[in-house]
Amino acid sequence: MKKIIVMSLALTSLLAVNAQEETSTFKVKAVNLQLGVTNGSSVVSNLSDFQKLAPDSEFKEADIAGFRTQNSYFGSSGPGFSMNLVIAKAEGSKLSYLNPEFRFGVSYHQADLVYLGYTKRNESRVDTLTSSKTGEQTFTDSINTQDYSLAYS
């Protein structure tokens, strides 16, 4: 991300230098800046896909025994940034009739190639309270939820 910021500042300074030079044979024809989030997914992934991409992972199949899969995908999702610059010959220049353009762009998109989510919910009855007047019962339960999230970015 630091490289992108440095590159953006360098491109911005080029624009400032170009703006000060009135006799330049080149001009900035267009600048495009995009910020956003990309989201796309395809087939549902599994732990074996994750382990192929991250063979040193210590997470094993036994760690998710009794868990159910939730929000697992194979695709891409994350923040994105793109900056594009079009430089052309200035009008009145000797080669302006050829209309050549130089296009330059920098893009960055974070992608979670594999994301796996596993969850397990354990419920147990802890106590039963019975009213001495009405005989109505109130149950006291304990709910314990465990979640694992794995992502290969």
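Data overview
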read-out: In the range 74-91, residue farthest from residue 53 (Cα to Cα) [restricted to those that are at pLDDT 70 or above and over 30 Å from the mean Cα position of the chain (by Cα)]; value: 90
read-out: Test result for residue 150, modelled with pLDDT under 85 and either within 25 Å of residue 54 (Cβ to Cβ) or surrounded by 12 or more Cβ atoms within 10 Å (Cβ to Cβ) (or both); value: yes
read-out: Test for residue 128: is it surrounded by fewer than 14 Cβ atoms within 10 Å (Cβ to Cβ), modelled with pLDDT of 85 or more, touching a strand residue (DSSP E or B) at 6+ places or on another chain (Cβ under 7 Å) and hydroxyl-bearing (Ser, Thr, Tyr); value: yes
read-out: Residue that is farthest from residue 27 (Cα to Cα) [pool: residues in the range 97-153 that are without any contact (Cβ under 8 Å) to a residue 12 or more places away in the chain and aliphatic (A, V, I, L, M)]; value: 129
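The values are calculated or read from the model by the stated rules, or taken from the named source; none is laboratory data. Remember, predicted model here, so these are calculated numbers, not experimental data. Every residue, glycine among them, receives a Cβ derived from its backbone with ideal geometry; neighbour counts consider all protein chains shown.
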